[in-house]
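*Asks:* Dropping the structure in here first, questions after.
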Amino acid sequence: MQSNITDKTLHPSGELKIEWARRNMPLLHSIEQDFIKTQPFAGLTIVLSIHLEAKTARLCRALQAGGANMVVTGSNPLSTQDDIAAALAHGGMTVFARHGCTMEEHESLLCRALETEPDIIIDDGGDLVNLLHTRYPHLIPKIIGGCEETTTGILRLQAMERAQTLRFPMIAVNDADCKHLFDNRYGTGQSVFTGINRITNLIVAGKQVVVAGYGWCGKGVAMRAKGLGAKVIVTEIDPVKAIEAVMDGFAVLPMDAAAALGDVFITVTGNCDVVGETAFARMKDGAVLCNAGHFDIEVNVARLRELAVETKTMRDNIEGFRLSDGRWLYVLAQGRLVNLACGDGHPVEIMDMSFAIQALSAQYLAESAGALKPALLPVPTAIDQTVARLKLASLGITIDTLTPEQETYLGKI
């Protein structure tokens, strides 16, 4: 099947980005070298839907080196980089992705990817899983299983599992220690402010930053905001996480109260309408709103558009909404992922860990074909430990090991 990309001549630019990523992703390189020898995906088609930029391209090439027929599509209309898509297509992959496509086009590209009849899927947000169960159920018998990258996707899979509608095994990559402890916290924290600062050119120090959600991503965003000199307010629905935020030194308020105080609002919840009409009514003139969750529904941009008496493009990726009382509210990246729509996403070394987990989880699926039940399954501990040890080795760090006496002692507890 022929690729659907914007411009195949863009591939040299994409190759430069991919080469830079390669030089800074030693874990994935090591795994790729092993895949070349063992060919765990020989004869298998893998459909991957992850934000299509250079780090993702390295994962795709590692899987291809392991024998996979790679079919690649984006997971967000604004996060695809057209030169990366062109480079992957130039290298022999089937690619269905275009930056700036409409939601209808985006879904059409996902569908075209699934029509290649995958054996394994690698999903980001749960769209591939949803389409397989609703539009392409006839393809499910061929599916060995899949991997899910994000918190949002895990929430959707948990709902399917509770409803007993999940029909093939999915590995919860997002819940692996070497994923969420580092990617979600340090990756999101840094990349969110890289995106915000790049697009707004405003200072963070001294501002009131409201972080909606104190999961691992929220922890990272709050930590980085504090490090940049902001005064941080956290909003939460989970009492345990709220206490954690308090003990980490942050103010905790309901969104309606925080709305009147915030200068910058960042949502990281995986839910809808987190910042909505009642919050808009209380916000300062000039408040900046952005989202670091997967979907563009956390900030209710649709309702804000209805309330606005005027809209205006203020800068690239900044849209202003003037309300009836004259206040302007500014939304970044249409409410889509600010770190990818306004930047290059998480740092390379962080994604090296996350995509090492992805690659080894895909290998586990291939090697366990037919042996796993239709369920949301954890990443095997051995994979987490392998990635952690590879990361330490890449940093030149060694750690202690238990003595035989210590192992015996612990075994008696």
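*Asks:* Using only the alpha carbon atoms of the chain, find the Kirkwood hydrodynamic radius as the inverse mean reciprocal pair distance, in angstroms to one decimal. Numbers along the way, then the final one.
*Replies:* Details: mean 1/r = 0.0452 Å⁻¹.
Computed over Cα pairs of the chain, the Kirkwood hydrodynamic radius comes out at 22.1 Å.
*Asks:* In Å, the Kirkwood hydrodynamic radius of the range 80-157 over pairs of distinct alpha carbons? Can you show the working numbers first?
*Replies:* Numbers: mean 1/r = 0.0745 Å⁻¹.
Final number for the Kirkwood radius of the range 80-157 is 13.4 Å.
*Asks:* Given the peptides 53-62, 88-97, 163-172, arrange them by the average over their residues of other C-beta atoms within 10 Å, most packed first. All intermediate terms of the calculation are to be shown ahead of the outcome.
*Replies:* Values: 53-62: 26.3, 88-97: 22.3, 163-172: 17.7.
So the order, starting with the most tightly packed, is 53-62, 88-97, 163-172.
*Asks:* Can you tell me the order of 75-82, 127-134 when each peptide is scored by its average per-residue count of other Cβ atoms within 10 angstrom, highest first? Numbers along the way, then the final one.
*Replies:* On the way: 75-82: 23.8, 127-134: 19.1.
Top of the packing list down: 75-82, 127-134.
*Asks:* Relative to the first principal axis of the alpha-carbon coordinates of the chain, what is the inclination of helix 381-394, with its axis defined by its Cα atoms, in degrees from 0 to 90 and to the nearest 10?
*Replies:* It works out to around 80 degrees.
*Asks:* Relative contact order for the range 212-355 using alpha-carbon pairs under 8 Å, separation at least 6, rounded to a whole percent?
*Replies:* Working: 257 pairs, mean separation 25.5, N = 144.
This gives 18 percent for the range 212-355.
*Asks:* Then there's this: Can you give the FRET efficiency for Asp316 and Lys142, using 1/(1 + (r/R0)^6), R0 = 35 Å, r = Cβ-Cβ distance, to the nearest 0.05? Provide the component values of the computation, followed by the final result.
*Replies:* On the way: r = 43 Å, r/R0 = 1.22.
Calculated transfer efficiency: 0.25.
*Asks:* Using Cα centres only, tell me the gap between the range 165-225 and the range 243-272 in whole Å.
*Replies:* First find each Cα centre; the distance between them is then 14 Å.
*Asks:* Starting from the Cα of Lys284, move 7 Å in the Cα-to-Cβ direction to define the label point; list residues of the range 195-209 whose amide nitrogen is under 20 Å from there.
*Replies:* 196-209
*Asks:* Could you give the nm distance between label points at Thr9 and Asn201, where each point is 7 Å from its Cα heading toward the beta carbon?
*Replies:* Label at Thr9, label at Asn201, 3.1 nm between them.
*Asks:* Can you give me the long-range amide H partners of Arg98? Hydrogens built in the peptide plane at 1.01 Å from N, cutoff under 5 Å, separation of 5 or more residues or another chain.
*Replies:* Amide H neighbours of Arg98, under 5 Å, 5+ apart: Gly74.
*Asks:* Now for a different question. Using a Förster distance of 30 Å, how high is the FRET efficiency between Ala369 and Leu181, based on the Cβ-Cβ distance and rounded to 0.05?
*Replies:* Details: r = 29 Å, r/R0 = 0.98.
Efficiency, rounded to the nearest 0.05: 0.55.
*Asks:* Taking H placed 1.01 Å from N in the peptide plane, check which residues at least 5 places from Val252 or on another chain put their amide H under 5 Å from its amide H.
*Replies:* Result for Val252 returns Val234.
*Asks:* Now for a different question. Could you do me a favour and compute the accessible area per residue for the range 1-109, 1.4 Å probe, result in Å²?
*Replies:* 39 Å²
*Asks:* Turning to a different aspect of this structure: Can you tell me what the convex hull of the Cα atoms of the range 162-258 projects to on average, as an area in nm²? Present the calculation step by step, with values, prior to reporting the outcome.
*Replies:* Working: hull surface 33.5 nm².
The orientation-averaged projected area of the Cα hull of the range 162-258 comes to 8.4 nm².
*Asks:* Report the gain in length on full extension from Asp325 to Leu261: 0.36 nm times residue separation, minus Cα-Cα distance, nm rounded to one decimal.
*Replies:* Values: separation 64, 0.36 × 64 = 23.04 nm, distance 1.78 nm.
Stretched out fully, the Asp325 to Leu261 stretch lengthens by 21.3 nm.
*Asks:* May I ask you to compute the full-extension gain from Arg303 to Thr116, defined as 0.36 nm times their residue separation minus their alpha-carbon distance, rounded to one decimal in nm?
*Replies:* Details: separation 187, 0.36 × 187 = 67.32 nm, distance 3.76 nm.
Length gained between Arg303 and Thr116: 63.6 nm.
*Asks:* Right, next: For the range 237-338, count all C-alpha to C-alpha pairs, find those more than 22 Å apart, and express that count as a whole percent of the total. Provide the component values of the computation, followed by the final result.
*Replies:* Numbers: 1420 of 5151 pairs.
Result for the distance tail: 28 percent.
*Asks:* While we're on this one: What do you get for Rg/Rh over the range 272-386 if you use C-alpha atoms and the Kirkwood form of Rh? Can you show the working numbers first?
*Replies:* Values: Rg = 20.6 Å, Rh = 17.1 Å.
Expressed as Rg/Rh, it is 1.20.
*Asks:* Sticking with this one: Expected output is a single nm value to one decimal: the length gained when fully extending between Gln406 and Thr165, i.e. 0.36 nm times separation in residues minus the C-alpha distance. What is it? It would help to have the intermediate numbers written out before the result.
*Replies:* On the way: separation 241, 0.36 × 241 = 86.76 nm, distance 4.56 nm.
Here the segment from Gln406 to Thr165 would lengthen by 82.2 nm.
The values are calculated or read from the model by the stated rules, or taken from the named source; none is laboratory data. All of these numbers come straight from a predicted model, not from anything done at the bench. Please note: Cβ atoms are built from the backbone with ideal geometry, for glycine as well, and neighbour counts cover all protein chains shown. Calculation scope for accessible area: heavy atoms of the full protein, side chains included, ligands and nucleic acids excluded. Shrake-Rupley method; radii C 1.70, N 1.55, O 1.52, S 1.80 Å.
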